[in-house]
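Novice: Take this structure first; my questions come after.
The values are calculated or read from the model by the stated rules, or taken from the named source; none is laboratory data. This one's a predicted model, so the numbers in the text were calculated from it and none came from an experiment. Methodologically, a virtual Cβ is constructed for each residue, glycine included, from the backbone with ideal geometry; neighbour enumeration extends over all protein chains shown.
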Amino acid sequence: MIGRLTGRIEGLEADRCLVDVGGVGYVVMASTRTLGALEPGAEQRLWVETVVREDAITLYGFLQAAEREWFRILTGVQGVGPKVALGILSALAPAELVSAIQSGDRAMLSRAPGVGPKLAIRLATELRDKAGALPLPDSVSVAASVPAGPDAEVISALGHLGYRRGEAEAALAKVRMRLGSDVAFADLVRESLREMAR
């Protein structure tokens, strides 16, 4: 099992990155928050959760061990697979996630792609008693997880239009999952607005 990788970021896509470790390229799935903090060509350490299934071995990467723990906790809830867990971590900052669980805010939890009303209720119910003890990345990790580059510009533009940051990030995460990484700024803003209007 692989628990951590340290290497050069060779490429970024909408839902994954390629990490070169000693000449071997590892494909690592990650949330949009994690991907937004990575810089192509830079050395990066990622905490990894290895998921083994009959048809695939998949690596999921995180900036901090606390983020990986969140992934484990979320995938422990019935109906939450790795893809949905990454969607939740993309849409909600750790503090927002704790707040939504503690308050039973189903609307906030439902912002994440793949989370409908029933699953939002299950998340709030099953994790409520654990919420106070759930891990939060330290301040360095939280700062590093803020979207960078084009995504940061889109979030800023949406904020100027009156949308809350969490709402804008959730909409952008859904757009990125649907359209991929090679999308023009204007298209990202337009599609994010459409997403929030639904």
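Novice: How many residues does the range 13-51 hold that are hydrophobic (A, V, I, L, M, F, W, C) and free of Cβ contacts under 8 Å to residues at least 40 places away in the same chain?
Specialist: Within the range 13-51, the subset hydrophobic (A, V, I, L, M, F, W, C) is 14, 17-19, 21, 24, 27-30, 35, 37-38, 42, 46-48, 51.
If we keep only those that are free of Cβ contacts under 8 Å to residues at least 40 places away in the same chain as well, we get 18, 21, 24, 27-28, 35, 38, 42, 51.
Matching residues across the range 13-51 total 9.
Novice: Please enumerate the residues belonging to the range 121-163 that are modelled with pLDDT of 75 or more and not in a helix (DSSP H, G or I).
Specialist: We begin by selecting, within the range 121-163, every residue modelled with pLDDT of 75 or more; these are 121-128, 151-163.
Leu161, Gly162, Tyr163, listed by residue number.
Novice: Follow-up question, since we're still on this one. Can we say Val21 is under 26 Å from Pro113 (Cα atoms) and of a type outside the set (D, E, K, R)?
Specialist: The answer is no for Val21.
Novice: Follow-up. Take Glu10 and decide whether it is under 23 Å from Val115 (Cβ atoms) and in contact (Cβ under 8 Å) with a residue 12 or more places away in the chain.
Specialist: Considered against the rule, which asks whether it is under 23 Å from Val115 (Cβ atoms) and in contact (Cβ under 8 Å) with a residue 12 or more places away in the chain, Glu10 comes out as no.
Novice: Moving to a separate point now. Those residues that are small (Gly, Ala, Ser) and surrounded by 24 or more Cβ atoms within 10 Å (Cβ to Cβ), I need them from the range 90-107; list them, please.
Specialist: Matches in the range 90-107: Ser90, Ala91, Ala100.
Novice: Could you list, in sequence order, all residues of the range 91-113 that are assigned to a helix (DSSP H, G or I) and in contact (Cβ under 8 Å) with a residue 40 or more places away in the chain?
Specialist: Ala91, Pro94, Ala95, Glu96, Met108
Novice: Only residues that are aromatic (Phe, Trp, Tyr) and crowded, with 17+ Cβ neighbours inside 10 Å: list them for the range 153-198, please.
Specialist: Step one: filter the range 153-198 for residues aromatic (Phe, Trp, Tyr), giving 163, 185.
Result: Tyr163, single match.
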